C-alpha cells in the first residue's frame, strides 16, 4: 500500500488536488453521479452501493480496488479529491455547452449527452 500523508482534512485534500483519477475511475465517478446528481460526500453512498451491486461494468469492490478505488477511511481524501476533480470537469463541460448555445454554436453530441 502506498504511503499517505497525515493531517487535517483540508491538508489531505490539498495533497491530492493535482492527482487526476485514472480514466476508468473517472468513468465510474461520472456513472455514479449520473445516477444520483449529488456532490461529495453524498456521492460516496451511491458509489458504495454501485460497487456492492456491481452495476458499473460488473465491477465490485475488488475490481474497483484494482483500479485504485477503495472505500476505506485512509484512502478517503484521495477518493474525495478525485470526485471533486471529475465533477469540476463536468461543470466546466456544462458551462462551455451553455456558453456555446448562447452564442448560437451547437454543442457536440458528447457535451449534449453530459448536459442532459
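Just to be sure I understand the filter: pairs with C-beta atoms under 9 Å, separated by 6 or more residues or on different chains, first member in region 16-45 and more than 18 Å from residue 70 (Cβ to Cβ), second member outside any helix (DSSP H, G or I). Which pairs pass?
Pairs found: 33/39; 35/55; 42/36.
Would you check if residue 4 is modelled with pLDDT under 95, exposed (fewer than 15 other Cβ atoms within 10 Å of the Cβ) and farther than 18 Å from residue 91 by Cα? Outline the logic, then answer.
Values: modelled with pLDDT under 95: yes; exposed (fewer than 15 other Cβ atoms within 10 Å of the Cβ): yes; farther than 18 Å from residue 91 by Cα: yes.
Yes.
The values are calculated or read from the model by the stated rules, or taken from the named source; none is laboratory data. Computed from a predicted structure; not experimentally measured. Backbone-built Cβ (ideal geometry, glycine too); neighbour counts: all protein chains shown.
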